[in-house]
Amino acid sequence: MIPIAFVDDHEGLRASIVKLLTLTSPISYVFYEYNHGADFIERFPTQNYIPSLVLMDLSMPIMNGYETTTWLKLHYPTVPVLVLSDIVRAEAIVLLVRCGANGYTSKQLLNKDNHLSDVIKMMIEGKEYFDDPEIFAFAKSRMSMTQKELVAGIDSLTKREMAVVRHLTLEKTYKEKAEEEFISHSGYKKRLRNIFKKLNLDSSAALLDFAISIGLRHKKNE
């Protein structure tokens, strides 16, 4: 039987997913369950097994999925991690990839046909899986830049370009933003193009997600 570690603070959800996989998967698994990240890192090293895959929740008490994935990849770098969550924002996917996660799927898709069974099989075979390939590609593009390149790109921004990044919103037109910055419409667009080139981006949405992911901006509800 193939060992799978399951880290999630909702016991009922763990039980339903274990039952689902037992009924739908042609592969036999043995599940090792943990209530949160701290529970996992305390008990797992003493249990004399290496999981073929870790199913990881993100929002957990004491130690969340980001922290737990980082710890796992530091000590067991070859063990794949599939995150089960309902996040959709690109900045969260960037952070997941940087922590070392190999896959992500929404909890809303878990009961869809053989979705979870197929994803688990794919990842055990050494492949990566993310529900949204475009967001994953964006996250990987950020990973393809070395830390030196990333810092250089940010440091190369002028004060006026940095102001554009800090005040960027997708809810206003370029013309409206240009008026707020007291520059011409064409001047604002030129400033954006320079930023895109320096940071290897191609849209305002990507720029906003990137700024949030590195802490230059915060989510609207934070």
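Can you give me the Kirkwood hydrodynamic radius for the chain, using every pair of distinct Cα atoms, in Å to one decimal?
19.3 Å is the Kirkwood radius here.
For the pair Ser186 and Ala163, what calculated FRET efficiency results from E = 1/(1 + (r/R0)^6), where r is the Cβ-Cβ distance and R0 = 22 Å, to the nearest 0.05? Mind showing how you got there, number by number?
Working: r = 17 Å, r/R0 = 0.79.
Once rounded, the FRET efficiency stands at 0.80.
Name the residue, out of Leu168, Leu109, Leu23, whose mean-square fluctuation peaks in a Gaussian network model built on the chain with Cα pairs under 10 Å.
Among Leu168, Leu109, Leu23, the largest mean-square fluctuation in the Gaussian network model of the chain belongs to Leu23.
Per-residue ellipticity at 222 nm for the chain, helices alone: DSSP H runs ≥ 4 residues times -39500 (n - 2.57), over residue total, nearest 500 deg cm²/dmol?
-15500 deg cm²/dmol
Give me the net charge for the shell around Glu33: Cβ to Cβ below 15 angstrom, other residues only, Lys and Arg +1, Asp and Glu -1.
-3
Output the 0 to 90 degree angle, nearest 10, between the alpha-carbon long axis of helix 11-24 and the longest principal axis computed from the alpha carbons of the chain.
The angle comes out at about 70 degrees.
Let's test this: bin the Cα-Cα distances of the stretch 146-213 at 5 Å from zero up to the farthest pair and state each bin's percent.
Computed distribution, short to long bins: 3, 17, 30, 28, 14, 5, 2, 0.
Read-outs: derived from the displayed coordinates by stated rules, not from any lab. All values derive from a computational prediction rather than experimental measurement. Ideal geometry is used to build each Cβ from the backbone, glycine not excepted, and the neighbour counts take in all protein chains shown.
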